[in-house]
1. On the basis of being more than 27 Å from Val89 (Cβ to Cβ), among the polar types (S, T, N, Q) and either assigned to a strand (DSSP E or B) or at pLDDT below 95 (or both), does Thr47 make the cut?
2. Can you tell me how many residues within segment 219-232 are under 16 Å from Ile41 (Cβ atoms) and out of contact with any Lys or Arg (no Cβ under 8 Å at 6 or more places or on another chain)?
3. Would you confirm whether or not segment 53-68 contains a residue that is closer than 18 Å to Ala221 by Cα, at pLDDT 85 or above and either buried (at least 19 other Cβ atoms within 10 Å of the Cβ) or not hydroxyl-bearing (Ser, Thr, Tyr) (or both)?
4. Just to be sure I understand the filter: pairs with C-beta atoms under 9 Å, separated by 6 or more residues or on different chains, first member in segment 198-216 and over 20 Å from Leu132 (Cβ atoms), second member of a type in the set (S, T, N, Q). Which pairs pass?
5. I need the full set of residues from segment 123-141 which are under 30 Å from Glu157 (Cβ atoms), buried (at least 17 other Cβ atoms within 10 Å of the Cβ) and touching a residue at least 40 places away in the same chain (Cβ under 8 Å), in order please.
6. Mind checking which pairs have a first residue in segment 64-80 that is at positive phi and a second that is among the acidic types (Asp, Glu) and modelled with pLDDT under 90, Cβ under 8 Å, 6 or more apart or different chains?
Amino acid sequence: MIRCKGTRWRVMGIVVGAAVWAGPAGAQTRVYVSGDVFAEIIQLSRTKVVPALVDSTAEALTPPDGATLGGGARIGAFFSPVWSLELGVDVGREVREERSLSIRNPISPLLPPATLQYESRTSQQYLATSILAGYHPVVRGRVRPGFRGGISFMRSERAFTVANASSLTFTPAVPGVIVVPTVTLFTNQYTAVTYGLTATVAAEAAIELSRRFAVVPEMRALAGGLGGIVLRPGVAAQWRW
């Protein structure tokens with residue numbers, strides 16, 4: 001009987017110990033989903049000529065810089081108290097720009113460049129599908145910093161206007177005396193879709209409002225393969241399990 005009692009206490013001790021150990025492990029966050037909103041700041045590389053050329057075809061093909069808004073959704077998991085892996089999709093709104101441009105006179109310097117002006121409409125939009133590894137230092141309190149890095153599969157959609165002086169007619173200004181050549185401009189709107197890989201880094205500060213919910217201010221930067229840099233300061237709402 002004494003032996004049985006000893007065995008019983010040992011088994012009970014093992015069960016209690018396992019319960020104590022499993023409690024914190026079960027309470028530890030393992031999986032999360034989040035939705036985010038952000039401001040998107042686009043700064044692209046470009047070439048400027050001084051003085052500016054009359055033929056502005058190259059300028060028309062240049063996507064605009066600018067700022068817009070966007071949003072997305074993410075899913076991730078913590079594989080240890082400090083390391084995580086995240087998959088997310090974020091898309092910014094379209095940045096548009098309208099400009100009055102001109103092309104070089106193909107006939108004669110007698111025609112002023114103003115007669116060959118046209119309205120150029122250019123737009124740019126980015127969609128990023130990102131895979132990021134995260135490092136989250138263990139700190140006290142409800143604010144926990146984090147740092148992420150990885151790659152983004154970028155989809156870029158760009159629209160632009162191209163003008164051509166492809167029609168030439170001769171109109172008599174004074175019948176039988178002066179003939180004035182007239183150029184007609186034709187414009188075409190093109191849309192180019194490209195895909196590429198972009199390096200992405202991020203810094204965040206998760207504010208834990210409860211064990212299951214946190215608000216996460218963040219800053220993300222995407223560069224490489226874009227011909228420029230895209231900054232996305234924003235905030236995410238994060239639900240944890």
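1. Details: more than 27 Å from Val89 (Cβ to Cβ): yes; among the polar types (S, T, N, Q): yes; either assigned to a strand (DSSP E or B) or at pLDDT below 95 (or both): yes.
Yes, satisfied.
2. Taking segment 219-232 and keeping what is under 16 Å from Ile41 (Cβ atoms), we get 219-223, 226-232.
Applying the additional criterion that residues be out of contact with any Lys or Arg (no Cβ under 8 Å at 6 or more places or on another chain) yields 223, 226-230.
So the answer is 6.
3. Among the residues of segment 53-68, at least one is closer than 18 Å to Ala221 by Cα, at pLDDT 85 or above and either buried (at least 19 other Cβ atoms within 10 Å of the Cβ) or not hydroxyl-bearing (Ser, Thr, Tyr) (or both), which makes the answer yes.
4. Arg211/Thr29; Arg212/Thr29; Phe213/Gln238
5. Result: Ser123, Gln124, Tyr126, Ala128, Ser130, Leu132, Gly134.
6. From residues that are at positive phi, the pairs are Gly66/Glu97.
A quick yes/no check of all residues on (1) at pLDDT 80 or above; (2) in a loop (DSSP other than H, G, I, E, B); (3) exposed (fewer than 12 other Cβ atoms within 10 Å of the Cβ); (4) within 13 Å of the chain's Cα centre (by Cα):
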site	(1), (2), (3), (4)
Gly176	no, yes, yes, no
Thr184	no, no, yes, no
Val193	yes, no, yes, no
Gly196	yes, no, no, yes
Val201	yes, no, no, yes
Glu204	yes, no, no, no
Pro217	yes, no, no, no
Leu226	no, yes, no, yes
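The values are calculated or read from the model by the stated rules, or taken from the named source; none is laboratory data. Predicted, not measured: the structure shown is a model, and the values here were computed from it. Cβ sites come from the backbone with ideal geometry, for glycine too, and all protein chains shown count toward neighbours.
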